[in-house]
Amino acid sequence: MTNERGTLFVVSAPSGSGKGTILSEVFKNSKNVFYSVSATTRKPRPGEVDKVDYFFIDKDKFSNLVESNGMLEYATYCENLYGTPRHEVEKKLNEGFDVILEIETNGAMQVREKMPDATLIFILPPSIKELRRRLKKRGTENDDVINKRVAEAEAEIRQAYSYDYILMNNELSDAINDFTAVLRAAKLENKKTKILIDEVLNDA
Ligand code: 5GP
């Protein structure tokens, strides 16, 4: 396939929708996919590792990055800042890797503006009730934070109408298969593969 530059995928899903599990399964099976590590001012949760799960930085450092145009996008979520460091994403795309950004909806809309070729994927939880149950089960946040996250989730789900693909994480194995199918399909889109038509026509 003549598709030198990688494809940028933006994945949004309310926390508790199971996107982390889906993505880690997908990564096990794909060599050419790079996961962009975001920067955040949120404190690490138990078990989270700096530079692996996030670049955990303070507000000053975050503002400096924004001011120096170092962020591809950024947004506030539950009173913390989150952003995608631009440099690594550009580099990996230019090297031919597909890049996945796992970001919330405001950031996703900024990426769509700046990089219209990006493919936007939204993962829905089976229901709001189930989402609340999963957040409680995780046990890392208190009731107040869980209520805030459920409210944010509802607002995010309303944004899902403008994504390219909608997946539902009901059965994990189905969601993983669907996700893999979307990755493949997005790479075959005409806007990214026009060059193939030229190649066939020119090789008469
Ligand atoms: P969490 O605190 O649960 O890790 O993430 C909270 C939300 O922030 C999730 O919806 C996650 O996708 C989003 N998020 C993580 N990194 C970024 C980022 O770089 N930019 C934006 N806009 N959102 C992010």
Residues satisfying the stated conditions in segment 46-75, i.e. among the hydroxyl-bearing types (Ser, Thr, Tyr), farther than 15 Å from residue 87 by Cα and touching a strand residue (DSSP E or B) at 6+ places or on another chain (Cβ under 6 Å): 54
Failed item in (1) within 13 Å of the ligand (Cβ to nearest atom); (2) in contact with a Leu (Cβ under 9 Å, 6 or more places away or on another chain); (3) in a loop (DSSP other than H, G, I, E, B), with residue 6 passing the rest: (1)
Residue, surrounded by the fewest Cβ atoms within 10 Å (Cβ to Cβ), within segment 48-95, restricted to residues that are more than 13 Å from the ligand (Cβ to nearest atom) and among the hydroxyl-bearing types (Ser, Thr, Tyr): 68
Some residue of segment 103-113 being under 21 Å from residue 180 (Cβ atoms), modelled with pLDDT of 95 or more and crowded, with 22+ Cβ neighbours inside 10 Å: yes
Hits in segment 16-47 (condition: under 12 Å from the mean Cα position of the chain (by Cα) and within 13 Å of the ligand (Cβ to nearest atom)): 19, 20, 22, 23, 35, 36, 37, 38
Scan of segment 190-204 for residues that are more than 15 Å from residue 4 (Cβ to Cβ) and surrounded by 11 or more Cβ atoms within 10 Å (Cβ to Cβ), ordered by number: none
Criterion (under 26 Å from residue 116 (Cβ atoms), touching a strand residue (DSSP E or B) at 6+ places or on another chain (Cβ under 7 Å) and in a helix (DSSP H, G or I)) met by exactly one of 23, 81: 23
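The values are calculated or read from the model by the stated rules, or taken from the named source; none is laboratory data. No experiment lies behind these values; they were computed from the predicted model shown. Heads up, the Cβs are rebuilt from the backbone with ideal geometry, glycines too, and the neighbour counts pull from every protein chain shown.
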